[in-house]
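For reference, the structure is listed below as C-alpha coordinates.
The values are calculated or read from the model by the stated rules, or taken from the named source; none is laboratory data. No experiment lies behind these values; they were computed from the predicted model shown. Every residue, glycine as well, gets a Cβ built from its backbone with ideal geometry; the counts of neighbours run over all protein chains shown. The accessibility values were calculated without ligands, DNA or RNA, using every heavy atom of the protein model including side chains. Shrake-Rupley method; radii C 1.70, N 1.55, O 1.52, S 1.80 Å.
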Amino acid sequence: MKKILPLTHGLRGAIEVPGDKSISHRAIILSSLGNSSVEVTNFLAGADCLSTVACMKSLGAKIERFDGRILITGQGLHEPEDILDAGNSGTTLRLLMGLLAPQKFLTTFTGDDSLRQRPMARVIKPLSLMGASIVGRNLNRNLPITILPASKKLHGITYAMPVASAQVKSAILLAGLYADSPTTIIEPAPSRDHTEKMLAAFGARLERVGNAITIFPADKLVAPDKISVPGDISSAAYWIVLATIKSGSDVTIKNVGVNETRTGIIDVLRDMGARIELVNERTSGGELAADLKVVASKLRGVEFGGEIIPRLIDEIPALAVAAAFAEGTTIIRDVGELRVKETDRLAAIVEEFNKISPATFEATDDTLIIRGGGEKFSAECKTRADHRMAMSLSIFGAAAKGVTLDDADCVNISYPNFFDTLAGV
Ligand code: S3P
(Lines give C-alpha, C1' and ligand atoms only; values in the text may rest on other atoms or scores of the structure.)
Protein backbone atom coordinates (compact mmCIF):
# COMPACT_ATOMS: atom_id res chain seq x y z
CA MET A 1 0.00 0.00 0.00
CA LYS A 2 1.22 3.48 -0.82
CA LYS A 3 -0.50 6.61 0.39
CA ILE A 4 -0.14 9.80 -1.67
CA LEU A 5 -1.12 13.00 0.11
CA PRO A 6 -2.64 15.99 -1.65
CA LEU A 7 0.02 18.52 -2.69
CA THR A 8 -0.26 21.70 -0.65
CA HIS A 9 1.76 23.87 -3.03
CA GLY A 10 2.72 24.25 -6.71
CA LEU A 11 5.86 22.62 -8.19
CA ARG A 12 8.91 24.92 -8.08
CA GLY A 13 12.59 24.73 -8.97
CA ALA A 14 14.16 22.00 -11.09
CA ILE A 15 13.37 18.31 -11.57
CA GLU A 16 15.65 15.66 -13.10
CA VAL A 17 14.08 12.64 -14.78
CA PRO A 18 15.77 9.26 -15.39
CA GLY A 19 17.22 8.22 -18.75
CA ASP A 20 14.91 7.33 -21.62
CA LYS A 21 13.67 3.76 -21.44
CA SER A 22 13.40 3.16 -25.20
CA ILE A 23 16.88 4.58 -25.88
CA SER A 24 18.43 2.67 -22.95
CA HIS A 25 17.15 -0.67 -24.33
CA ARG A 26 18.51 0.10 -27.78
CA ALA A 27 21.86 1.27 -26.41
CA ILE A 28 22.36 -2.10 -24.69
CA ILE A 29 21.23 -4.18 -27.65
CA LEU A 30 23.19 -2.38 -30.38
CA SER A 31 26.33 -1.94 -28.27
CA SER A 32 26.32 -5.71 -27.75
CA LEU A 33 26.62 -6.17 -31.52
CA GLY A 34 29.87 -4.28 -32.01
CA ASN A 35 33.28 -5.51 -30.88
CA SER A 36 34.53 -2.45 -29.04
CA SER A 37 33.49 -1.03 -25.68
CA VAL A 38 30.66 1.50 -25.49
CA GLU A 39 30.12 3.68 -22.44
CA VAL A 40 26.45 4.49 -21.87
CA THR A 41 25.72 7.40 -19.54
CA ASN A 42 22.39 8.27 -17.90
CA PHE A 43 21.28 4.68 -18.60
CA LEU A 44 17.87 3.91 -17.05
CA ALA A 45 18.50 1.23 -14.42
CA GLY A 46 14.77 0.40 -14.28
CA ALA A 47 13.54 -3.20 -14.21
CA ASP A 48 12.63 -3.25 -17.94
CA CYS A 49 16.10 -2.20 -19.10
CA LEU A 50 17.70 -4.55 -16.58
CA SER A 51 15.74 -7.36 -18.26
CA THR A 52 17.46 -6.40 -21.51
CA VAL A 53 20.85 -6.33 -19.75
CA ALA A 54 20.28 -9.83 -18.33
CA CYS A 55 19.17 -11.21 -21.72
CA MET A 56 22.14 -9.68 -23.57
CA LYS A 57 24.56 -11.05 -20.96
CA SER A 58 23.07 -14.53 -21.44
CA LEU A 59 23.59 -14.06 -25.19
CA GLY A 60 27.29 -13.30 -24.72
CA ALA A 61 27.69 -9.54 -24.19
CA LYS A 62 30.03 -8.25 -21.50
CA ILE A 63 28.12 -5.63 -19.52
CA GLU A 64 29.61 -3.90 -16.48
CA ARG A 65 27.80 -1.38 -14.31
CA PHE A 66 29.48 1.51 -12.57
CA ASP A 67 27.94 4.44 -10.78
CA GLY A 68 25.33 5.80 -13.27
CA ARG A 69 27.36 4.45 -16.23
CA ILE A 70 27.41 1.19 -18.03
CA LEU A 71 30.16 -0.32 -20.18
CA ILE A 72 29.15 -2.78 -22.89
CA THR A 73 31.49 -4.87 -25.00
CA GLY A 74 30.10 -7.07 -27.76
CA GLN A 75 31.82 -10.44 -28.12
CA GLY A 76 29.52 -12.07 -30.68
CA LEU A 77 26.17 -13.65 -29.87
CA HIS A 78 25.92 -17.26 -28.69
CA GLU A 79 23.19 -19.66 -27.66
CA PRO A 80 21.96 -18.93 -24.13
CA GLU A 81 22.25 -21.76 -21.61
CA ASP A 82 18.77 -21.20 -20.24
CA ILE A 83 15.38 -19.67 -21.04
CA LEU A 84 15.55 -15.86 -21.33
CA ASP A 85 13.19 -13.88 -19.11
CA ALA A 86 11.94 -10.56 -20.53
CA GLY A 87 10.07 -9.80 -17.28
CA ASN A 88 7.45 -7.10 -17.86
CA SER A 89 9.20 -5.68 -20.89
CA GLY A 90 7.55 -5.80 -24.32
CA THR A 91 10.48 -3.84 -25.76
CA THR A 92 13.04 -6.41 -24.57
CA LEU A 93 11.05 -9.30 -25.96
CA ARG A 94 9.99 -7.88 -29.31
CA LEU A 95 13.34 -6.30 -30.19
CA LEU A 96 15.26 -9.42 -29.21
CA MET A 97 12.90 -11.65 -31.21
CA GLY A 98 13.96 -9.62 -34.26
CA LEU A 99 17.63 -9.82 -33.36
CA LEU A 100 17.54 -13.56 -32.68
CA ALA A 101 15.31 -14.73 -35.55
CA PRO A 102 18.29 -14.72 -37.99
CA GLN A 103 20.74 -16.45 -35.60
CA LYS A 104 21.86 -20.06 -35.97
CA PHE A 105 20.96 -21.03 -32.41
CA LEU A 106 17.83 -21.68 -30.38
CA THR A 107 16.35 -19.26 -27.84
CA THR A 108 13.28 -19.60 -25.65
CA PHE A 109 11.68 -16.58 -23.97
CA THR A 110 9.28 -16.21 -21.12
CA GLY A 111 8.04 -13.19 -19.16
CA ASP A 112 5.83 -12.11 -16.27
CA ASP A 113 2.03 -12.55 -15.96
CA SER A 114 1.38 -9.40 -17.97
CA LEU A 115 3.85 -10.06 -20.81
CA ARG A 116 2.63 -13.66 -21.20
CA GLN A 117 -0.81 -12.30 -22.17
CA ARG A 118 0.42 -9.69 -24.65
CA PRO A 119 0.11 -10.24 -28.43
CA MET A 120 3.25 -11.45 -30.20
CA ALA A 121 1.72 -12.50 -33.56
CA ARG A 122 2.43 -8.94 -34.73
CA VAL A 123 6.18 -9.74 -34.55
CA ILE A 124 6.05 -13.44 -35.39
CA LYS A 125 4.17 -12.80 -38.65
CA PRO A 126 6.69 -10.49 -40.39
CA LEU A 127 9.67 -12.46 -39.05
CA SER A 128 8.12 -15.68 -40.40
CA LEU A 129 7.63 -13.98 -43.79
CA MET A 130 11.40 -13.35 -43.73
CA GLY A 131 11.90 -17.10 -43.23
CA ALA A 132 12.26 -17.33 -39.43
CA SER A 133 10.84 -20.29 -37.48
CA ILE A 134 9.16 -19.15 -34.28
CA VAL A 135 6.69 -21.10 -32.17
CA GLY A 136 4.66 -19.95 -29.22
CA ARG A 137 1.69 -20.83 -27.05
CA ASN A 138 -1.91 -20.27 -28.23
CA LEU A 139 -1.37 -20.84 -31.93
CA ASN A 140 1.94 -18.97 -31.73
CA ARG A 141 0.57 -15.82 -30.22
CA ASN A 142 1.92 -15.77 -26.66
CA LEU A 143 4.90 -16.52 -24.46
CA PRO A 144 6.64 -18.85 -23.91
CA ILE A 145 8.10 -18.46 -27.39
CA THR A 146 10.93 -20.43 -29.01
CA ILE A 147 12.98 -19.09 -31.89
CA LEU A 148 14.42 -22.06 -33.79
CA PRO A 149 17.93 -21.87 -35.27
CA ALA A 150 17.85 -20.22 -38.72
CA SER A 151 18.97 -22.82 -41.27
CA LYS A 152 19.76 -20.13 -43.86
CA LYS A 153 19.82 -16.35 -44.21
CA LEU A 154 16.48 -14.56 -43.77
CA HIS A 155 15.00 -12.85 -46.86
CA GLY A 156 14.52 -9.13 -47.18
CA ILE A 157 10.80 -8.30 -47.40
CA THR A 158 8.51 -5.34 -47.93
CA TYR A 159 6.04 -5.24 -45.08
CA ALA A 160 3.12 -2.88 -44.44
CA MET A 161 2.56 -2.89 -40.68
CA PRO A 162 -1.13 -3.03 -39.68
CA VAL A 163 -0.45 -1.10 -36.42
CA ALA A 164 2.02 1.71 -35.77
CA SER A 165 4.40 0.00 -33.36
CA ALA A 166 8.02 0.94 -32.79
CA GLN A 167 8.65 -2.44 -31.20
CA VAL A 168 7.46 -4.33 -34.27
CA LYS A 169 9.30 -1.95 -36.62
CA SER A 170 12.50 -2.35 -34.59
CA ALA A 171 12.24 -6.15 -34.56
CA ILE A 172 12.01 -6.18 -38.38
CA LEU A 173 14.88 -3.67 -38.71
CA LEU A 174 17.14 -5.79 -36.50
CA ALA A 175 16.28 -8.95 -38.43
CA GLY A 176 16.84 -7.00 -41.67
CA LEU A 177 20.46 -6.33 -40.66
CA TYR A 178 21.18 -10.04 -41.23
CA ALA A 179 18.94 -10.63 -44.30
CA ASP A 180 20.05 -11.48 -47.83
CA SER A 181 18.60 -8.27 -49.33
CA PRO A 182 17.13 -4.92 -48.17
CA THR A 183 13.96 -4.88 -46.08
CA THR A 184 11.31 -2.16 -46.33
CA ILE A 185 8.77 -1.45 -43.61
CA ILE A 186 5.78 0.79 -44.20
CA GLU A 187 4.27 2.32 -41.07
CA PRO A 188 0.63 3.44 -40.93
CA ALA A 189 1.86 6.49 -38.95
CA PRO A 190 5.35 7.39 -37.75
CA SER A 191 6.26 5.68 -34.46
CA ARG A 192 9.32 6.49 -32.33
CA ASP A 193 12.45 6.30 -34.47
CA HIS A 194 15.19 5.67 -31.88
CA THR A 195 16.18 2.37 -33.50
CA GLU A 196 16.70 4.00 -36.89
CA LYS A 197 18.69 6.86 -35.35
CA MET A 198 20.91 4.55 -33.30
CA LEU A 199 21.44 2.04 -36.12
CA ALA A 200 22.64 4.94 -38.29
CA ALA A 201 25.02 6.01 -35.48
CA PHE A 202 26.42 2.44 -35.59
CA GLY A 203 27.07 2.77 -39.34
CA ALA A 204 24.06 0.85 -40.70
CA ARG A 205 22.51 2.16 -43.93
CA LEU A 206 18.84 3.15 -43.75
CA GLU A 207 16.63 5.18 -46.06
CA ARG A 208 13.30 6.82 -45.23
CA VAL A 209 10.80 7.87 -47.88
CA GLY A 210 7.53 9.09 -46.36
CA ASN A 211 6.36 6.34 -44.00
CA ALA A 212 8.61 3.68 -45.62
CA ILE A 213 11.94 2.77 -44.05
CA THR A 214 14.47 0.55 -45.80
CA ILE A 215 17.33 -1.16 -44.00
CA PHE A 216 20.28 -2.60 -45.91
CA PRO A 217 21.99 -5.72 -44.54
CA ALA A 218 25.22 -4.96 -42.68
CA ASP A 219 28.09 -7.35 -42.02
CA LYS A 220 29.31 -5.47 -39.04
CA LEU A 221 28.35 -2.48 -36.95
CA VAL A 222 30.86 0.10 -35.81
CA ALA A 223 30.02 1.09 -32.26
CA PRO A 224 30.50 4.67 -31.08
CA ASP A 225 32.67 5.12 -27.94
CA LYS A 226 29.89 6.74 -25.98
CA ILE A 227 26.10 7.03 -25.91
CA SER A 228 24.56 9.61 -23.65
CA VAL A 229 20.89 8.88 -22.99
CA PRO A 230 18.59 11.92 -22.66
CA GLY A 231 15.92 12.04 -19.92
CA ASP A 232 12.67 10.21 -20.66
CA ILE A 233 9.79 12.43 -21.84
CA SER A 234 7.41 9.64 -20.77
CA SER A 235 8.70 10.06 -17.19
CA ALA A 236 8.73 13.86 -17.51
CA ALA A 237 5.05 13.62 -18.54
CA TYR A 238 3.95 13.16 -14.90
CA TRP A 239 5.64 16.42 -13.84
CA ILE A 240 4.54 18.29 -16.98
CA VAL A 241 0.92 17.39 -16.20
CA LEU A 242 1.16 17.93 -12.44
CA ALA A 243 2.85 21.34 -12.85
CA THR A 244 0.22 22.37 -15.42
CA ILE A 245 -2.79 21.48 -13.24
CA LYS A 246 -1.39 22.48 -9.82
CA SER A 247 -1.77 26.20 -9.28
CA GLY A 248 1.36 28.10 -8.28
CA SER A 249 3.67 25.78 -10.26
CA ASP A 250 6.67 27.11 -12.15
CA VAL A 251 9.17 24.33 -12.71
CA THR A 252 11.99 23.33 -15.05
CA ILE A 253 12.40 19.67 -16.02
CA LYS A 254 16.02 19.21 -17.04
CA ASN A 255 17.51 17.33 -19.97
CA VAL A 256 14.38 15.77 -21.51
CA GLY A 257 14.54 13.93 -24.85
CA VAL A 258 12.37 15.85 -27.33
CA ASN A 259 12.66 13.62 -30.41
CA GLU A 260 9.74 14.68 -32.62
CA THR A 261 8.26 11.17 -32.58
CA ARG A 262 7.79 11.49 -28.79
CA THR A 263 6.55 15.05 -28.21
CA GLY A 264 2.82 14.60 -28.91
CA ILE A 265 2.09 15.28 -25.23
CA ILE A 266 3.56 18.78 -25.51
CA ASP A 267 1.51 19.51 -28.64
CA VAL A 268 -1.75 18.34 -27.04
CA LEU A 269 -1.20 20.09 -23.70
CA ARG A 270 -0.36 23.34 -25.52
CA ASP A 271 -3.61 22.96 -27.50
CA MET A 272 -5.39 22.58 -24.16
CA GLY A 273 -3.85 25.87 -22.97
CA ALA A 274 -0.71 24.69 -21.14
CA ARG A 275 2.40 26.86 -21.04
CA ILE A 276 5.38 24.64 -21.84
CA GLU A 277 8.59 26.16 -23.13
CA LEU A 278 11.59 24.29 -24.55
CA VAL A 279 14.81 25.93 -23.45
CA ASN A 280 18.47 25.10 -24.00
CA GLU A 281 17.72 22.79 -26.98
CA ARG A 282 20.66 20.62 -27.99
CA THR A 283 21.61 17.34 -29.62
CA SER A 284 22.82 14.51 -27.44
CA GLY A 285 23.95 11.26 -29.08
CA GLY A 286 21.92 11.91 -32.24
CA GLU A 287 18.79 12.71 -30.23
CA LEU A 288 17.30 16.14 -29.45
CA ALA A 289 17.10 17.19 -25.81
CA ALA A 290 15.90 20.31 -24.00
CA ASP A 291 14.89 21.65 -20.60
CA LEU A 292 11.13 22.04 -20.25
CA LYS A 293 9.80 25.04 -18.38
CA VAL A 294 6.21 24.47 -17.25
CA VAL A 295 3.91 27.01 -15.58
CA ALA A 296 0.46 26.22 -14.10
CA SER A 297 -2.32 26.97 -16.57
CA LYS A 298 -6.07 26.70 -17.05
CA LEU A 299 -6.90 23.89 -19.48
CA ARG A 300 -9.78 23.31 -21.91
CA GLY A 301 -10.95 20.01 -23.39
CA VAL A 302 -9.72 19.02 -26.87
CA GLU A 303 -10.34 16.27 -29.41
CA PHE A 304 -7.52 14.37 -31.11
CA GLY A 305 -6.62 11.05 -32.71
CA GLY A 306 -4.96 9.52 -35.79
CA GLU A 307 -1.30 10.24 -36.58
CA ILE A 308 -0.51 11.94 -33.27
CA ILE A 309 -1.38 8.84 -31.20
CA PRO A 310 1.93 6.93 -31.64
CA ARG A 311 3.71 10.17 -30.61
CA LEU A 312 2.05 10.10 -27.17
CA ILE A 313 0.82 6.53 -26.70
CA ASP A 314 2.47 6.02 -23.30
CA GLU A 315 1.36 9.45 -22.04
CA ILE A 316 -2.39 8.93 -22.45
CA PRO A 317 -3.01 8.00 -18.77
CA ALA A 318 -1.19 11.21 -17.73
CA LEU A 319 -3.08 13.24 -20.36
CA ALA A 320 -6.35 11.77 -19.06
CA VAL A 321 -5.47 13.23 -15.63
CA ALA A 322 -4.88 16.65 -17.22
CA ALA A 323 -8.22 16.35 -19.06
CA ALA A 324 -10.03 15.66 -15.77
CA PHE A 325 -8.92 19.13 -14.59
CA ALA A 326 -9.81 20.85 -17.89
CA GLU A 327 -12.97 22.74 -18.63
CA GLY A 328 -15.10 20.79 -21.10
CA THR A 329 -14.80 17.36 -22.68
CA THR A 330 -11.69 15.73 -24.12
CA ILE A 331 -12.09 13.01 -26.74
CA ILE A 332 -9.09 10.82 -27.58
CA ARG A 333 -9.70 8.65 -30.64
CA ASP A 334 -7.75 5.66 -32.10
CA VAL A 335 -6.31 4.41 -28.81
CA GLY A 336 -7.29 0.72 -29.07
CA GLU A 337 -3.58 -0.15 -28.64
CA LEU A 338 -3.94 0.85 -24.97
CA ARG A 339 -5.90 -2.39 -24.48
CA VAL A 340 -2.73 -4.44 -25.11
CA LYS A 341 -0.21 -2.51 -23.01
CA GLU A 342 1.10 -3.72 -19.60
CA THR A 343 -2.59 -3.88 -18.67
CA ASP A 344 -5.76 -2.90 -20.55
CA ARG A 345 -5.16 0.80 -19.89
CA LEU A 346 -8.54 1.94 -21.25
CA ALA A 347 -10.36 -0.34 -18.81
CA ALA A 348 -7.95 0.60 -16.00
CA ILE A 349 -8.44 4.36 -16.57
CA VAL A 350 -12.23 4.02 -16.57
CA GLU A 351 -12.36 1.77 -13.50
CA GLU A 352 -9.65 3.36 -11.36
CA PHE A 353 -9.69 7.05 -12.35
CA ASN A 354 -13.49 7.24 -11.88
CA LYS A 355 -12.91 6.36 -8.20
CA ILE A 356 -11.14 9.74 -7.87
CA SER A 357 -13.45 11.70 -10.19
CA PRO A 358 -16.75 9.82 -10.63
CA ALA A 359 -18.57 9.79 -13.98
CA THR A 360 -15.62 11.51 -15.67
CA PHE A 361 -13.97 8.73 -17.75
CA GLU A 362 -15.69 6.60 -20.39
CA ALA A 363 -14.25 4.33 -23.06
CA THR A 364 -15.45 2.57 -26.19
CA ASP A 365 -13.33 0.01 -28.08
CA ASP A 366 -10.78 2.59 -29.12
CA THR A 367 -11.93 5.99 -27.84
CA LEU A 368 -11.46 7.62 -24.45
CA ILE A 369 -13.83 10.37 -23.35
CA ILE A 370 -13.07 12.58 -20.34
CA ARG A 371 -15.60 15.05 -19.00
CA GLY A 372 -13.43 17.57 -17.19
CA GLY A 373 -14.18 19.64 -14.13
CA GLY A 374 -15.94 16.99 -12.00
CA GLU A 375 -15.63 16.82 -8.21
CA LYS A 376 -12.55 14.91 -6.94
CA PHE A 377 -12.44 12.55 -3.95
CA SER A 378 -9.81 10.73 -1.96
CA ALA A 379 -9.87 7.07 -3.11
CA GLU A 380 -8.25 3.63 -2.89
CA CYS A 381 -7.12 2.52 -6.34
CA LYS A 382 -5.51 -0.51 -7.95
CA THR A 383 -2.44 -0.07 -10.14
CA ARG A 384 -2.82 -3.50 -11.81
CA ALA A 385 0.98 -3.75 -11.55
CA ASP A 386 1.22 -1.22 -14.39
CA HIS A 387 3.93 1.41 -13.82
CA ARG A 388 2.21 4.09 -15.87
CA MET A 389 -1.11 3.54 -14.09
CA ALA A 390 0.67 3.81 -10.70
CA MET A 391 2.37 7.10 -11.61
CA SER A 392 -0.70 8.61 -13.26
CA LEU A 393 -2.87 7.71 -10.26
CA SER A 394 -0.22 9.23 -7.98
CA ILE A 395 -0.24 12.63 -9.70
CA PHE A 396 -4.04 12.47 -9.92
CA GLY A 397 -4.25 11.95 -6.15
CA ALA A 398 -1.57 14.57 -5.47
CA ALA A 399 -3.46 17.18 -7.49
CA ALA A 400 -6.83 16.15 -5.98
CA LYS A 401 -7.52 14.86 -2.45
CA GLY A 402 -4.95 12.08 -2.13
CA VAL A 403 -4.97 8.44 -3.20
CA THR A 404 -3.97 5.07 -1.74
CA LEU A 405 -2.42 2.57 -4.17
CA ASP A 406 -2.54 -1.19 -3.56
CA ASP A 407 0.82 -1.89 -5.25
CA ALA A 408 3.22 0.88 -6.15
CA ASP A 409 6.48 -1.09 -6.54
CA CYS A 410 5.76 -1.37 -10.27
CA VAL A 411 7.11 2.18 -10.75
CA ASN A 412 10.53 0.44 -10.71
CA ILE A 413 9.85 -0.67 -14.28
CA SER A 414 10.60 2.78 -15.71
CA TYR A 415 11.10 5.26 -12.83
CA PRO A 416 12.72 3.77 -9.70
CA ASN A 417 12.89 7.05 -7.75
CA PHE A 418 9.50 8.40 -8.78
CA PHE A 419 8.16 8.62 -5.22
CA ASP A 420 11.31 10.36 -3.93
CA THR A 421 10.87 13.01 -6.61
CA LEU A 422 7.15 13.32 -5.84
CA ALA A 423 7.96 13.81 -2.13
CA GLY A 424 10.49 16.52 -3.02
CA VAL A 425 8.62 18.62 -5.58
C1 S3P B 1 8.27 1.25 -27.24
C2 S3P B 1 7.23 1.31 -28.16
C3 S3P B 1 5.82 1.47 -27.78
C4 S3P B 1 5.69 1.96 -26.35
C5 S3P B 1 6.57 1.21 -25.40
C6 S3P B 1 8.03 1.38 -25.81
C7 S3P B 1 9.65 1.08 -27.74
O8 S3P B 1 5.17 0.21 -27.87
O9 S3P B 1 4.34 1.87 -25.93
O10 S3P B 1 6.41 1.68 -24.08
O11 S3P B 1 10.60 1.30 -26.97
O12 S3P B 1 9.81 0.72 -28.91
P13 S3P B 1 4.52 -0.32 -29.25
O14 S3P B 1 5.63 -0.62 -30.19
O15 S3P B 1 3.76 -1.56 -28.86
O16 S3P B 1 3.62 0.77 -29.74
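Would you calculate, for the chain, the mean residue ellipticity at 222 nm contributed by helices, counting each DSSP H stretch of 4 or more residues as -39,500 (n - 2.57) and dividing by all residues, to the nearest 500? Provide the component values of the computation, followed by the final result.
Values: 13 runs with 122 residues, N = 425.
Mean residue ellipticity at 222 nm (helix-derived): -8000 deg cm²/dmol.
If the only charges are +1 at each Lys and Arg Cβ and -1 at each Asp and Glu Cβ, what is the size of the charge dipole of the chain around the Cα centre, to the nearest 20 debye? Show your work: numbers first, answer last.
Values: 47 positive and 49 negative charges, 56 e Å.
Taking the Cα centre of the chain as origin, the dipole is about 260 debye.
Quick one: accessible surface of residue 3, probe radius 1.4 Å, all protein chains present, in square angstrom to the nearest 10.
150 Å²
Leaving out ligands, DNA and RNA, what percent of the accessible area of the chain is carbon and sulfur, probe 1.4 Å?
On the way: 7910 of 16010 Å².
The nonpolar share, carbon plus sulfur, comes to 49 percent.
Please work out, to two decimal places, the log10 of the ratio I(q)/I(0) at q = 0.06, 0.08, 0.13 Å⁻¹ from a Debye calculation in which every Cα of the chain carries one identical scatterer.
With no solvent term, the Cα-only Debye profile gives -0.23, -0.42, -1.11.
With springs connecting C-alpha atoms under 10 Å apart, model the chain as a Gaussian network and identify which of 396, 361, 66 has the largest mean-square fluctuation.
66
Quick one: ranking 330, 41, 283 by accessible area, 1.4 Å probe, largest first, what do you get?
Values: 330 5, 41 30, 283 100 Å².
In descending accessible area the options line up as 283, 41, 330.
Which residues among segment 297-325 fall inside the zone where the amide N is under 15 Å from a point 7 Å beyond the Cα of residue 367, along Cα→Cβ?
Counting backbone N atoms under 15 Å from the label point, the list is 302-306.
Calculate, for residue 148 and residue 121, the FRET efficiency according to 1/(1 + (r/R0)^6) with r their C-beta to C-beta distance and R0 22 Å; round to the nearest 0.05. Before the final figure, lay out each step's value.
On the way: r = 17 Å, r/R0 = 0.77.
It comes out at approximately 0.85.
Could you give me D for segment 16-138, from Stokes-Einstein at 10 °C and 1.306 mPa s, where the hydrodynamic radius is the Kirkwood radius over C-alpha pairs? Units µm² s⁻¹, please.
Numbers: Rh = 14.9 Å.
Answer from the Stokes-Einstein relation: 107 µm²/s.
Estimate the FRET efficiency between residue 3 and residue 155 by the formula 1/(1 + (r/R0)^6), using the beta-carbon distance for r and 60 Å for R0, to the nearest 0.05. All intermediate terms of the calculation are to be shown ahead of the outcome.
Numbers: r = 56 Å, r/R0 = 0.93.
Working from the Cβ atoms, E equals 0.60.
Going highest first, how would you order 302-311, 251-260, 134-143 by mean Cβ packing within 10 Å?
Numbers: 302-311: 17.5, 251-260: 21.0, 134-143: 15.2.
Listed from highest to lowest mean packing, they are 251-260, 302-311, 134-143.
I need the calculated FRET efficiency for the pair residue 205 and residue 108, taking r as the beta carbon distance and R₀ as 30 Å, to the nearest 0.05.
Values: r = 32 Å, r/R0 = 1.07.
After rounding to 0.05, the efficiency reads 0.40.
Let's test this: bin the Cα-Cα distances of segment 327-404 at 10 Å from zero up to the farthest pair and state each bin's percent.
Binned Cα distances yield the sequence 20, 52, 27, 0.
Would you list 133, 234 from the most to the least accessible area, probe 1.4 Å?
Heavy-atom accessible area, descending, gives 133, 234.
Whole number in Å², please: accessible area per residue of the chain, 1.4 Å probe, ligands, DNA and RNA not counted. Can you show the working numbers first?
Numbers: 16010 Å² over 425 residues.
With the other protein chains kept in place, the chain gives 38 Å² per residue.
Tell me, in nm to one decimal, what length is gained between residue 417 and residue 270 on full extension, where the rule is 0.36 nm per residue of separation less the Cα-Cα distance?
Details: separation 147, 0.36 × 147 = 52.92 nm, distance 2.75 nm.
Stretched out fully, the residue 417 to residue 270 stretch lengthens by 50.2 nm.
Note the direction-averaged projected area, equal to a quarter of the hull surface, for the Cα convex hull of segment 21-227, in nm².
Hull-based average projected area comes out at 10.1 nm².
By how many degrees, 0 to 90 and rounded to 10, does the Cα axis of helix 387-399 deviate from the longest principal axis of the chain?
Helix 387-399 sits roughly 20 degrees off the main axis of the chain.
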